[in-house]
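The block underneath contains the structure these notes are about, expressed in structure tokens.
Since every read-out is calculated from the coordinates, none of them should be taken as a lab result. What you see is a predicted model, and the numbers here were worked out from it, not measured in a lab. Methodologically, a virtual Cβ is constructed for each residue, glycine included, from the backbone with ideal geometry; neighbour enumeration extends over all protein chains shown.
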Amino acid sequence: MTFPPSRARRTSRRSIAVFLLLALALYAAAAVIAEAVVGRDPGDTPFRTLLARHGAPVDVAVLGSSHALPLRFGDVPARLEAETGQSLVVLAEVGAGPLYALFVARQALRDLPPRRVVYVLDDFAFFSAAWNEERVADRGLLRDTPWRISTAGLLAGLVLHEGVPLTALGDYLTAFSKLNPPDRFPQAGWAGAAGFGRSFRPSRHALESRAAYLYPDGTAGQVAARYLDVLEQMVRELQAAGTEVELLRLPVSEPFRAALPDTGSFESMLAERVAALGLPVHDLRDTPGDPALFFDTDHLNRAGVDALYDTHLRAILAGGE
């Protein structure tokens, strides 16, 4: 039996529509499962932590890059609460510049909100889009970011106003990276908590390699100015919400400091912003940087965190220094 051409076309379109609807339904089901298994898996990433603590105000939230993570590895939140009664949450992330911190801070204001924010400031984070727009769009972080309407709205704002690629929003909304695991982000050799108990043995190659990795685009002043604008925006939004903001600069090992490039006028540019915002700054960079207190070129190990906590961090985080 031969169908008229018009009927055959209708049947073909109907079959295609059914196939597409079935494929869409299967993808949606897979995305829901991936969100439950991956996106909402208990973990220490900033957005997972915020979701878990939603509605539970904290006294202090620490933002920044991986240099702030040893505070979590060293159980500083538990120690601070036991000794001072103040609650602390570490919302730092590997390779996170001020734009990613702004993203996290905006979500924190919706979920907690914190009474104080201590931003661990690292010079390198102000000199490349790799630690800012590209980090927000990083598939590894999007995979670990729970799907929430509030987060989607914040990410859309970064796409519209801060130059974050539209693909980041598409990835987040479709759970693409949750279904398709990306390659790991951190630099080869980054051990994180697994290396927290060891001590660093300086090597010229490791120092130079790490410094080059952190400053892939050099130290252009106009790039730093752009991300200082982002920092200022974050601070003003937090202050407008009634959150006190302080800056903390942690020590690095002496050999690593010597290997870092000249950042030009960054210090004077930062000082101007700090003065205009009235920010307290806790600069611990002159604290002795014995390599034995670091588990790699620039991250404090357990002994380093313990020593710094006793001499400075407890008072800073409790608001007494």
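Looking only at the range 231-278, filter to residues that are of a type in the set (K, R) and in a helix (DSSP H, G or I); which one of those is farthest from S209 (Cα to Cα)? Only one residue tops the list, namely R236. When P216, P146, P113 are checked against the criterion of being within 25 Å of L88 (Cα to Cα), surrounded by fewer than 18 Cβ atoms within 10 Å (Cβ to Cβ) and in contact (Cβ under 8 Å) with a residue 40 or more places away in the chain, a single residue qualifies: P113.
Please verify whether E133 is at negative phi, free of Cβ contacts under 8 Å to residues at least 24 places away in the same chain and of a type in the set (D, E, K, R), treating the condition exactly as stated. Against the criterion (at negative phi, free of Cβ contacts under 8 Å to residues at least 24 places away in the same chain and of a type in the set (D, E, K, R)), E133 does not qualify. Scanning the range 43-62 for residues that are farther than 14 Å from P113 by Cβ and of a type in the set (K, R) returns a single hit, R48. Of the residues making up the range 139-165, just one is under 21 Å from A224 (Cα atoms) and charged (D, E, K, R), namely E162. Across the range 195-213, the qualifying residues are those that are without any contact (Cβ under 8 Å) to a residue 12 or more places away in the chain and either surrounded by 18 or more Cβ atoms within 10 Å (Cβ to Cβ) or polar (S, T, N, Q) (or both), and the one among them that is nearest to F266 (Cα to Cα) is S209.
The condition (being assigned to a helix (DSSP H, G or I), under 25 Å from E246 (Cα atoms) and touching a Lys or Arg at 6+ places or on another chain (Cβ under 9 Å)) is satisfied by just one residue among L154, L141: L154.
Between E134, E83, the distinction of being within 14 Å of the chain's Cα centre (by Cα), surrounded by fewer than 19 Cβ atoms within 10 Å (Cβ to Cβ) and among the acidic types (D, E) belongs to E134 only.
The number of residues in the range 282-321 being assigned to a helix (DSSP H, G or I) and surrounded by 16 or more Cβ atoms within 10 Å (Cβ to Cβ) comes to 15. Can you tell me which residues in the range 199-233 are closer than 30 Å to T243 by Cα and more than 21 Å from the chain's Cα centre (by Cα)? Result: G221, Q222.
Would you mind finding the one in A108, A96 that is assigned to a loop (DSSP other than H, G, I, E, B) and either in contact with a Phe, Trp or Tyr (Cβ under 8 Å, 6 or more places away or on another chain) or within 30 Å of D283 (Cα to Cα) (or both)?
Numbers: A108 fails: assigned to a loop (DSSP other than H, G, I, E, B).
Every option except A96 fails the conditions.
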